[in-house]
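All of the numbers you see were taken from the coordinates with simple rules; none came from a lab. Just so it is clear, the structure is predicted and the values come from calculations on it, not from any experiment. Backbone-built Cβ (ideal geometry, glycine too); neighbour counts: all protein chains shown.
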Amino acid sequence: MALTARQATAGAATLTYMPTEHEPVLAEELVDVLDPKPGETFVDATFGGGGHARLVGERLGPEGELIAIDRDPVAEERWREFAATAPCRTRFVRSEFSAALAGLVGEGIRPDGVYLDLGMSSLQLDAWQRGFSYSYDAPLDMRMDPDQRLSAADVVNEWTQDRLANVLREYGEERRAGSISREIVKRRPLSTTGELAAAVKAGIPPADRFGRGHPAKRSFQAIRIAVNGEIEALDRALPLAWSLIAVGGRMGAISFHSLEDRPVKQFLRARARGCVCPPEIPVCVCGREPEAELLTRRAIAAGPEEVERNPRASAAHFRAAVRLRDEEEAD
């Protein structure tokens with residue numbers, strides 16, 4: 001769906017979107033692998049702009065249901081647009097996805113599929129006032145939920161230098177985390193993304209600024225992840241999503257960097273593993289049976305045509321599995 005220069009209200013702010021095309025990443029692959037069928041129930045745990053939801057909903061049909069989750073009020077606005085012409089029954093839960101999934105577990109819902117499209121949505125990146133991008137000078141915000149208290153300004157201006165360096169190192173895999181954090185602390189207080197990007201650039205030796213993309217890319221990613229608690233939420237969400245789906249149900253996730261892809265890969269592979277006996281034991285004595293079958297032996301990446309059409313797809317990886325049995329059967 002094309003986004004013209006439009007406005008939407010999120011919290012107290014009025015957000016202006018830069019013109020762009022919203023195109024869901026790996027959409028055909030997700031639908032083909034998870035294979036939604038008429039009358040089934042699916043959970044879209046990261047609704048965003050609703051691109052995946054539209055394709056999944058078309059497969060579910062009028063007897064099926066799509067439960068949409070997102071913490072962003074702008075995504076809720078987009079869901080209302082989706083719901084007005086939805087090809088299936090649908091409802092929306094505005095919450096961080098691990099909390100929403102926990103709520104669905106409490107309801108006793110057993111959907112046939114759950115999928116997550118991790119990281120930022122195009123709606124967040126293109127709303128320049130929200131401070132997710134180093135391409136525009138905007139307030140230091142980066143909150144996916146504008147109602148939460150912690151913002152990028154708090155992280156940049158109030159966290160200690162050591163804590164800030166750890167964030168850049170852990171969540172941005174930034175080799176120059178120490179020098180960048182020192183430069184940020186030296187320039188405090190910082191109030192805009194332009195000031196932050198300048199501090200990051202100054203903290204990287206000139207010889208290291210080339211061949212790695214924008215010098216602030218890793219640092220902005222790290223601070224955004226810290227602000228929104230993204231990795232902790234993912235660690236909570238994976239077992240919750242798995243516990244939701246019925247036998248025969250499918251679970252999938254699209255990730256955009258190794259910090260997201262690694263836990264998804266490890267989680268699904270652990271459930272697809274059978275015998276855990278030590279290799280020196282010639283015959284299995286543990287009796288462990290796999291509770292999942294991998295639907296993607298390796299992560300599915302976007303093809304060259306999609307990357308050319310949508311450069312944001314270049315880092316995307318999709319993994320999925322089908323549930324073979326309930327936990328009590330697997331023990």
With Cα coordinates, the longest principal axis of the chain makes an angle with the long axis of helix 161-172, in degrees rounded to 10, of 50
Neighbour counts of other C-beta atoms within 10 Å: give me E293, E174 arranged from fewest to most. E293, E174
As I understand it, the value is the acute angle between the Cα axis of helix 51-60 and the longest principal axis of the Cα atoms of the chain; what does it come to in degrees, rounded to 10? 10
Sort F47, F318 by Cβ crowding within 10 Å, fewest neighbours at the top. F318, F47
Using +1 at the Cβ of each Lys and Arg and -1 at the Cβ of each Asp and Glu in the range 127-228, identify which of V185, A207, W159 lies farthest towards the dipole's positive end. A207
With θ set to phi - 60° and the Karplus curve 6.51 cos²θ - 1.76 cosθ + 1.60, what are the ³J(HN,Hα) couplings of the range 220-233 in order, to the nearest whole Hz, using x for Gly and Pro? 5, 4, 4, 5, 4, 4, 5, 4, 9, x, 5, 6, 4, 5
Placing unit charges on C-beta atoms (Lys and Arg positive, Asp and Glu negative, everything else neutral), compute the dipole magnitude of the chain about its Cα centre in debye, rounded to 20. 1120
Sort W128, W242 so that the residue with the fewest other Cβ atoms within 10 Å of its own Cβ comes first and the one with the most comes last. W128, W242
Treating the angle as unsigned and between 0 and 90°, give the value, to the nearest 10°, between the Cα long axis of helix 73-84 and the longest Cα principal axis of the chain. 50
Under 15 Å from K217, Cα to Cα: aspartates and glutamates that are on another chain or at least 8 residues apart: D137, E170, E173, E174, E195, D208
Ranked highest first by average number of other Cβ atoms within 10 Å, how do 113-121, 278-286, 24-32, 253-261 line up? 113-121, 253-261, 24-32, 278-286
For the chain, alpha-carbon Rg and Dmax in angstrom: 21.0, 66
Take the alpha-carbon centre of the range 253-331, take the same for the range 112-154, and report the distance between them in whole Å. 28
Given an 8 Å cut-off on Cα distances and at least 6 residues of separation, report the relative contact order of the range 122-266 as a percent. 23
Take the range 127-228, drop everything but the C-alpha atoms, weight them equally and run the Debye formula without solvent; then report log10 I(q)/I(0) at 0.13, 0.19, 0.22 Å⁻¹ to two decimals. -0.38, -0.83, -1.14
